[in-house]
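Read through the structure below, which is laid out as structure tokens, and then see the notes.
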Amino acid sequence: MNYIRKAPLSVLLFIFFVTTFILFSFLPVRLDFSKGGAYTLSPATKKTIRSINKLVEITLYISTDLPTKIIPLKTDVIELLQEYRRSGKNIKVTVIDPKKDSKIAEKIKQQGIPELQFSQLEQNKYQTSSFYFGIVLSSNDKREVIPQVSDYQNLEYNLTSAIYRLTRTEMAKVGIVGEGEANYGQQDPLNSLKNVLSQQYTVESVDLSTIKEEDAKTFIKAFATIIVLDKGTTQYPSEQIQLLKKFYESGKNVLVFADGIKIDERSLSITPADHNLNELTATYGAHIDYNAVLSTSAEYVNFGNATSQFLAPYPFWIRSNLFNKKSGLFANIQFVTFPWSSSLSLKKTNKIAITPLIVTSKKSWIQKDTFSLSPNTIPQPIQRDLKEFVLGAMLKNNKGGEMIVISSSRFPLEQYISRGGGNLDFILNAIDTFSSNGALSGIRSRIVSFYPLPDLSDSQKDICKYTAILLFPLLWGIYGAIRLMKRK
């Protein structure tokens, strides 16, 4: 006991911190002070994990000899998976190096996890290495694969949505309204969309005219989500609009893709849209405007012919990555494309929460009364006309029903889907969120916010510099003076 009393304070502090570290290393406790909780699981993820009643195995296939630049990502991914394991008793996490077993390497290649190549400059020469970095989630005989863990920001959304799909007992039904009217000259312009959705859902074409009033409850109960697609030519009878309203107000979900204008692509002429879908969307706060939005952030379009190609940005085909950062609908999406889009006017409505999802850059403008679609005759905008426009919005009612309005009917069509764009991924993310009854709606991106120093004047910079230089020696001088005074 006397020995402990005589021990230096530094030794006692060292023993205290080591003991505390060892004790807390065995406890599932984590304090996350980052903005938005970038290092902890979202409440939606924790709720999903706790609700599953069957074992889900998460296997991370990763090489031991990773390139140096990827090692920090490995640490983050393993820590994230350990959070999943600690959050639920039915989650099992395993880490395997496929390079140590050729049979495992061959097996995961068949499952869709490739061997990746990485080049880096070391010792003044390029060196190429190969490695594995993928995840397989399995439950009973069902399997979900993340072939390459490259998007850590949205990895939580990908993992949780995969767990939800694995543990779902039945396939939700998705109905497509207006498919027959949406023929733009292709045999099936929705082929890619249907292929993507049919992997997880039962997809059916819906003709509202065949649904009688007495069948409305059966219709509402049968479908989880309805996609309404229109190119500006369909006038829905009031009873069909009322049916869609009842569907939405009952707590179900609707995606609307519609234009404010009608375009003849051969003559490049514009007339007002003939549909009456604003009777649906504007009731809840989102009006599809009669205009055409242009932007300097535009998709490249081929204006050539059979003998020559000429690629140029086309302002009417808007390319946007300005997403609502609080929404989980944009996981794995770099940008989306809006071919010939109108703007949305949002107006607050009772009992409806309205959230803009996608906007244009601030260097965007509209054509309203006079339209010129030819790339050679588009007039340059006046500076005061440049501003931001809303192209997509979420309308959520007090029953939990959600409606997404996208002001371009061509947004989901195969003919207009940009290579590398995320149009289909956005639709799939939205329907995943809808079909989960909100289980996936609160999952955020794992983005760490950085706060750079503000701009300072030269005098402020001098004050900061000399304070940093002199403050620490001054404090030690004061401390030394106090010690000397006590000795005297």
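The values are calculated or read from the model by the stated rules, or taken from the named source; none is laboratory data. Small disclaimer: the values here were computed from a predicted structure and weren't measured. Note that each Cβ is placed from the backbone with ideal geometry, even for glycine, and that neighbours are counted across all protein chains shown.
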Can you name the residue in region 59-74 that is among the charged types (D, E, K, R) and surrounded by fewer than 17 Cβ atoms within 10 Å (Cβ to Cβ) and is also farthest from the chain's Cα centre (by Cα) among such residues? ASP65
State whether one or more residues within region 244-255 are touching a strand residue (DSSP E or B) at 6+ places or on another chain (Cβ under 8 Å), hydrophobic (A, V, I, L, M, F, W, C) and more than 20 Å from ASN397 (Cβ to Cβ). no
Let me confirm something: among ILE49, ILE70, which residue is more than 21 Å from THR169 (Cβ to Cβ) and in a helix (DSSP H, G or I)? ILE70
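Residue-by-condition table, conditions (1) surrounded by fewer than 20 Cβ atoms within 10 Å (Cβ to Cβ); (2) within 28 Å of the chain's Cα centre (by Cα); (3) of a type in the set (A, V, I, L, M):
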site	(1), (2), (3)
SER161	no, yes, no
GLU170	yes, yes, no
ILE176	no, yes, yes
ASP188	yes, yes, no
LYS217	yes, no, no
ILE227	no, yes, yes
ASP230	no, yes, no
Cβ-Cβ under 6 Å pairs, at least 6 apart or on other chains, region 259-283 side at positive phi, far side outside any strand (DSSP E or B) and at pLDDT below 90: LEU268/LEU373; LEU268/SER374
Could you pull out the residue among LYS99, LYS107, LYS54, LYS92 that is touching a Ser or Thr at 6+ places or on another chain (Cβ under 6 Å) and free of Cβ contacts under 8 Å to residues at least 40 places away in the same chain? LYS99
Of all residues in region 85-103, which are surrounded by 13 or more Cβ atoms within 10 Å (Cβ to Cβ) and closer than 14 Å to SER138 by Cβ? ASN90, ILE91, LYS92, VAL93, ILE96
Among the residues of region 297-304, are any surrounded by 14 or more Cβ atoms within 10 Å (Cβ to Cβ), within 14 Å of GLY178 (Cβ to Cβ) and in contact (Cβ under 8 Å) with a residue 40 or more places away in the chain? no
What helices (runs of 4 or more DSSP H) lie completely within region 162-267 and have 3 or more residues being within 28 Å of SER341 (Cα to Cα)? 191-198, 238-249
Output the residue which, of all residues in region 192-210 that are surrounded by 16 or more Cβ atoms within 10 Å (Cβ to Cβ) and under 20 Å from GLN235 (Cβ atoms), is farthest from the chain's Cα centre (by Cα). LEU208
Output for region 374-401, where each listed residue is surrounded by 20 or more Cβ atoms within 10 Å (Cβ to Cβ) and either out of contact with any Ser or Thr (no Cβ under 8 Å at 6 or more places or on another chain) or not assigned by TED's automatic domain parsing to the domain that holds ILE227 (or both): none
